[in-house]
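K.L.:
Here it is: the structure, laid out below.
Any read-out appearing in this document is the output of simple, stated calculations on the displayed coordinates, not a laboratory observation. If you're wondering where the values come from, they're calculated on a predicted model, not measured in any experiment. Cβ atoms come from the backbone with ideal geometry, glycine included; neighbour counts cover every protein chain shown.
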Amino acid sequence: MPYQIRQSTIADIPALLQMAEASRQIMRKSGNMHQWINGYPSEEVFRHDIEKNNSYILTCEGEPVGTFAFVPSPEPTYASIYQGAWIDESKPYYVVHRIASYPDKKGIFDAMADFCFSHTDNLRIDTHRDNHIMQHLLEKHGFTYCGIIYLENGDERLAYQKIISQPSL
């Protein structure tokens, strides 16, 4: 079943929180015990994404099944990268944050990536070292591991980038 993607609204916040909790449980079951802790992502985080027009929701037959934030550059925590380098540091890019879905929904990452690459040719994503599911998805979809970045709170994240070349006319 194909997914529809639209911008999230304030009315979607309960569904976004439910999907975040479902994803948190997926992380815990796969051994990722330290990502999305202490109530993150919170209602306030989702509200901020919505107010900035950066929050998106995937639906199937009208029911919410996934979410992500699609944020234009610059991302302050990406200004410094360690033990590696970005593929390209000069081009504008978008960042994907807070990907969440229900465990029985397949193809969410595919739909999200297709949507994002229909709006940009340069995408960056970071993930926790213990998030092996996300690392697998990133590698499967042709993202290149670029190095380590640090969040504002000092937490380490593995940084990935993918640039697609635009067809010449």
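K.L.:
Ranked highest first by average number of other Cβ atoms within 10 Å, how do 35-44, 21-30, 51-60 line up? Don't skip to the answer; put the middle values down first.
P.N.:
Details: 35-44: 13.3, 21-30: 15.8, 51-60: 17.8.
Top of the packing list down: 51-60, 21-30, 35-44.
K.L.:
For the pair K140/I37, report the inter-label distance in nm, with labels modelled 7 Å from Cα in the Cβ direction.
P.N.:
Reported label-point gap for K140 and I37 is 2.7 nm.
K.L.:
Next up: Give a quick list of trypsin sites (Lys or Arg not before Pro) in the range 68-169 that DSSP marks as loop, anything other than H, G, I, E or B, with at most 12 other Cβ atoms within 10 Å.
P.N.:
On the way: sites: R98, K105, K106, R124, R129, K140, R157, K162; in loops: K105, K106, R129.
Sites meeting the loop and neighbour criteria: K106.
K.L.:
Continuing with this model, one more query. Where both partners of a DSSP beta bridge lie in the chain, what percent of those bridges are antiparallel, to the nearest 5? Can you show the working numbers first?
P.N.:
Details: 29 of 32 bridges.
If we restrict to bridges inside the chain, about 90 percent are antiparallel.
K.L.:
Sticking with this structure for a sec: So how far, in whole Å, is the C-alpha centre of the range 118-169 from the one of the range 1-52?
P.N.:
19
K.L.:
Under a crude label model (7 Å from the Cα following the beta-carbon direction), how far is F115 from E51 in nanometres?
P.N.:
2.2
K.L.:
Can you work out the FRET efficiency for the pair Y150 and E61, with r the C-beta to C-beta distance and R0 = 45 Å, to the nearest 0.05?
P.N.:
Numbers: r = 41 Å, r/R0 = 0.90.
Calculated value: 0.65.
K.L.:
What does the charge count around I13 come to, taking other residues whose C-beta lies under 13 Å from its C-beta (Lys +1, Arg +1, Asp -1, Glu -1)? It would help to have the intermediate numbers written out before the result.
P.N.:
Details: positive: R47, R98; negative: D12, E21, E43, E44, D49, E51.
Here the charged neighbours net out to -4.
K.L.:
Only loop residues by DSSP count here, and only those with at most 14 other Cβ atoms within 10 Å; note down the GluC sites (Glu not before Pro) in the range 77-169 that meet that. Intermediate values should be presented prior to the final figure.
P.N.:
Working: sites: E89, E139, E152, E156; in loops: E89, E152.
Sparse-neighbourhood loop GluC sites (Glu not before Pro): E89, E152.
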